[in-house]
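Okay, so here's the structure we're looking at.
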Amino acid sequence: MQTLDVLLVEDEPDVRRMLVRGIERLGHRVRAVVDGLAALDAVAEAAPDVMISDVSMPRMDGLSLVRRLRADGHEFPVILCSGYTQNTVELSALGPTTHLMLKPFALSELRERLEAVAGP
């Protein structure tokens, strides 16, 4: 699998550190930010190959972030991470490149999802 530029959006410091380490262990480059507003700034600097974002965050949640990115024309794959069921998180309005992973998940699940959304 190719090396990906991953933007991680996670407000919980311990979860953010753990995910950064895991994504780097998978061989990818990762930039980590604390919320949706910081993610918008990061995307303006350089769009990632894929974004992994928590759904529930202060200032701007993951769903609002994806809506804003899609409205601005960004179509890179997004993996939303949530403790809620898919029925609660309505993904169809966010486009075909938006995916959901339910928390908690193993690093192996994240690897499989990154491989799936990144393509060959």
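So here's what we get for this one:
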| read-out | value |
| --- | --- |
| Residue-normalised accessible area of the chain, given per residue in Å² at a 1.4 Å probe | 53 |
| Rounded to 5, the percent of DSSP beta bridges in the chain classed as antiparallel | 0 |
| Inter-site label distance for residue 45 and residue 29 at 7 Å from Cα along Cβ, in nm | 1.2 |
| Listed candidates [x] 0.95; [y] 2.32; [z] 1.01 - label of the one calculated as Cα Rg over 2.2 N^0.38 Å | [x] |
| Percent accessible area from carbon and sulfur atoms, the stretch 20-78, protein chains only, probe 1.4 Å | 48 |
| The chain, relative contact order [Cα under 8 Å, separation at least 6], % | 23 |
| Stretch gain in nm, segment residue 18-residue 116, where the contour uses 0.36 nm per residue and the Cα spacing is subtracted | 33.1 nm |
| Peptides ranked, highest mean first, by Cβ atoms within 10 Å: ranges 49-59, 22-32 | 49-59, 22-32 |
| Value at 222 nm in deg cm²/dmol, rounded to 500, when DSSP H runs of n ≥ 4 in the chain each add -39,500 (n - 2.57) | -11500 deg cm²/dmol |
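The values are calculated or read from the model by the stated rules, or taken from the named source; none is laboratory data. Worth saying up front: this structure is predicted, and the values here are computed from it rather than measured. Neighbour counts run over all protein chains shown; Cβ positions are idealised from the backbone, glycine included. Ligands, DNA and RNA are excluded from the accessible area calculation, which covers all protein heavy atoms including side chains. Shrake-Rupley method; radii C 1.70, N 1.55, O 1.52, S 1.80 Å.
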